[in-house]
Amino acid sequence: MEIVEVPHPLVAARLTIMRDARTDNAAFRAALADLGAMLIYEAARDLPVENFDVTTPVAVAEGRRLADPPIIVPIIRAGLGMVDPALSMIPDAQVGFIGMARDEKTHEPVPYLEALPEDLAGRTVFLVDPMLATGGSLIHALRLLADRGATGITVVCMVSAVPGVEAVRDSGLPVGRLVTATIDPSLNEDAYIVPGLGDAGDRLYGPRNIDLSDL
Ligand code: PRP
Ligand code: URA
């Protein structure tokens, strides 16, 4: 698994706004959207293009477009904040959805939604979630994608913790690349990333009100 920790001052500045406990929901959403666009831009760097002729008002130029626009798969809820920025960068991308909530006691993911194409063989897949903590949620999502034939999956996270990165790397699941703004050193006893930014879903949308035993 290739790891790309994007070394850009604008990435660092948006991440700092998101880390700051004083940042309110609206400013957090805005910073996350900006950072999402930057990370998707980086993730798309090596996508294959096809050439075609485009007629300018003056002459014919060589045009380029993505040969195979990716399918963007957010892990709901927090991943939803990365969908609009991804589509602003790649307007012809498709979107699939995986819904999952982490149990606060066990820290295990509890899946509640799967809306994905049946066959992902040969497709370019960007799996997006702002947070990679224990890796449980991402590994579950990767399994769902691998079961549909996806390979070489690009994972885009904003804050990745060392234990989660190692768990994903050791999972044997078909991850080609992890693109991230930072790799933070550790988790606390509640499996929150340290220093991290807190609960990304809550900071985007407010507290979650799902009774996980109903799922
Ligand atoms: C967060 C985050 C990831 C997960 C990461 O979601 O968006 O999906 O936790 O933790 P892990 O690596 O230990 O699995 P959460 O379960 O809090 O749900 P939410 O987005 O609905 O708030
Ligand atoms: N999920 C989050 O939103 N934040 C963390 O620090 C860990 C998991």
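Close Cβ contacts (under 9 Å, 6 or more residues apart or on different chains) running from residues in the range 198-213 that are more than 23 Å from Leu35 (Cβ to Cβ) and modelled with pLDDT under 80 to residues that are assigned to a loop (DSSP other than H, G, I, E, B) and open to solvent by 30 Å² or more (accessible area, probe 1.4 Å) comprise Leu212/Asp103; Leu212/Glu104. Restricted to the range 86-131, the set of strands (runs of 3 or more DSSP E) holding at least 1 residues that are surrounded by 12 or more Cβ atoms within 10 Å (Cβ to Cβ) and in contact with a Phe, Trp or Tyr (Cβ under 9 Å, 6 or more places away or on another chain) comprises 97-102, 109-115.
Restricting attention to the range 112-149 and to residues that are within 16 Å of ligand 2 (Cβ to nearest atom) and among the small types (Gly, Ala, Ser), the residue that is nearest to Gly96 (Cα to Cα) turns out to be Ala141. Kindly indicate whether Val83 is part of a strand (DSSP E or B), surrounded by 15 or more Cβ atoms within 10 Å (Cβ to Cβ) and in contact (Cβ under 8 Å) with a residue 24 or more places away in the chain. No. In the condition set (1) at pLDDT below 95; (2) closer than 22 Å to Ala37 by Cβ; (3) not aromatic (Phe, Trp, Tyr), Thr154 is compliant with all but (1). Among the numbered conditions (1) in contact with a helix residue (DSSP H, G or I) (Cβ under 8 Å, 6 or more places away or on another chain); (2) free of Cβ contacts under 8 Å to residues at least 60 places away in the same chain; (3) farther than 24 Å from Ile153 by Cα, the only one that Ala26 does not meet is (1).
In this structure, is Thr154 crowded, with 17+ Cβ neighbours inside 10 Å and touching a helix residue (DSSP H, G or I) at 6+ places or on another chain (Cβ under 6 Å)? Spelling it out, Thr154 is indeed crowded, with 17+ Cβ neighbours inside 10 Å and touching a helix residue (DSSP H, G or I) at 6+ places or on another chain (Cβ under 6 Å). Evaluation of Leu145 against the conditions (1) open to solvent by 30 Å² or more (accessible area, probe 1.4 Å); (2) assigned to a helix (DSSP H, G or I) shows that the sole unmet condition is (1). Filtering the range 108-144 to residues that are in contact with a helix residue (DSSP H, G or I) (Cβ under 7 Å, 6 or more places away or on another chain), at pLDDT below 95 and near ligand 1 (Cβ under 10 Å from one of its atoms) leaves Glu108, Pro109, Val110. Within the range 180-193, the set of residues being within 8 Å of ligand 2 (Cβ to nearest atom) and open to solvent by less than 60 Å² (accessible area, probe 1.4 Å) comprises Leu187, Ala191, Ile193. The set of residues in the range 28-57 being among the aliphatic types (A, V, I, L, M), touching an Asp or Glu at 6+ places or on another chain (Cβ under 9 Å) and open to solvent by 40 Å² or more (accessible area, probe 1.4 Å) consists of Val54 alone.
Residues are listed down the side, and each one gets a yes or a no for (1) among the basic types (Lys, Arg); (2) on the phi > 0 side of the Ramachandran plot; (3) part of a strand (DSSP E or B):
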| site | (1), (2), (3) |
| --- | --- |
| Gly164 | no, no, no |
| Ala167 | no, no, no |
| Leu178 | no, no, yes |
| Ile183 | no, no, yes |
| Ala191 | no, yes, no |
| Gly196 | no, yes, no |
| Ile210 | no, no, no |
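Among the residues of the range 70-80, those identified as under 14 Å from Leu116 (Cβ atoms), within 16 Å of ligand 1 (Cβ to nearest atom) and open to solvent by less than 20 Å² (accessible area, probe 1.4 Å) are Ile72, Val73, Pro74, Ile75, Gly79.
The values are calculated or read from the model by the stated rules, or taken from the named source; none is laboratory data. Just so it is clear, the model here is predicted, and its values are computed rather than measured. Note that each Cβ is placed from the backbone with ideal geometry, even for glycine, and that neighbours are counted across all protein chains shown. With ligands, DNA and RNA removed, areas are computed over all heavy atoms of the protein, side chains included. Shrake-Rupley method; radii C 1.70, N 1.55, O 1.52, S 1.80 Å.
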